[in-house]
Amino acid sequence: MCREGSFPPGLYAWIDNEAPARGSDYHWNFNTAFVFNGLSLANHPELVKPYCDLVIAQLPLARQYAAEKGEKGVHFGTGTSPYGWVYKGDYEMRHNAADAAMNMITWHKLTRDEQWMREKLYPFLKEIAANSEGFLIRDRERYVISSCVAELDCNHRI
């Protein structure tokens, strides 16, 4: 069930055994966020709140991972589990934290919970921005991403 106070579904379900692959991890490279896309707009913010709580609960791990990589802010690697397991790899994906924030932004737009926005969402967005600044370089008249991401050819800059 996806109710406030419980874990949202991970990539591998708990349906047929008590030990699913990778602890039923949350893949932050799109997979976890996509389960919740549109639920706020479909007038089901109560189904998105557990996702928002999950993302906030992952922040200590994301801060630690960023620090280990010599970065500022938060860095969401490929996967984590409800019980603290972290896949220490990211395939050079720099957008995982921003992807995680999108459903939270949509949830806030529907609920207008200003206290939650001030205490949870806005600080998270600031940490995403702090991390992202480390991957931008000035190239002539614009900023570009200084390393490849999975969707782009690593030999070609944006």
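Amide H of Y26 versus every other amide H placed in the peptide plane: which residues, excluding those fewer than 5 positions away on the same chain, fall under 5 Å?
L11, T80, S81
How many times 2.2 N^0.38 Å is the alpha carbon radius of gyration of region 48-97?
Relative to the rule-of-thumb radius for its length, region 48-97 sits at 1.08.
Using a 1.4 Å probe on the protein heavy atoms, what percent of the accessible area of region 61-126 belongs to carbon and sulfur?
Here it works out to 53 percent.
According to the Kirkwood expression over distinct Cα-Cα pairs, how big is the hydrodynamic radius of region 28-143, in Å? Kindly include the intermediate steps, with their values, before the conclusion.
Values: mean 1/r = 0.0677 Å⁻¹.
Taking every pair of different Cα atoms in region 28-143, averaging 1/r and inverting gives 14.8 Å.
With charges only on Cβ, +1 for K and R and -1 for D and E, what is the dipole size of region 42-131 about its Cα centre, in debye, rounded to 20?
In debye, rounded to 20, region 42-131 gives about 140.
For region 75-138 and region 53-70, compute the distance between their C-alpha centroids and round to whole Å.
Using only Cα atoms to place each centre, the spacing works out to 9 Å.
Go through 59-71, 112-124, 43-55 and give me the packing order, highest mean Cβ count within 10 Å leading.
Descending packing order for the listed peptides: 43-55, 59-71, 112-124.
For region 104-110, take each phi angle, set θ = phi - 60°, evaluate the Karplus expression 6.51 cos²θ - 1.76 cosθ + 1.60, and give the result in whole Hz per residue in order, putting x for glycine and proline.
5, 5, 4, 4, 5, 4, 7
The values are calculated or read from the model by the stated rules, or taken from the named source; none is laboratory data. Quick caveat: nothing in here was measured; it's all calculated off a predicted structure. Every residue, glycine as well, gets a Cβ built from its backbone with ideal geometry; the counts of neighbours run over all protein chains shown. Ligands, DNA and RNA are stripped out before the accessible areas are found, and what is left, the full protein with its side chains, is counted by its heavy atoms. Shrake-Rupley method; radii C 1.70, N 1.55, O 1.52, S 1.80 Å.
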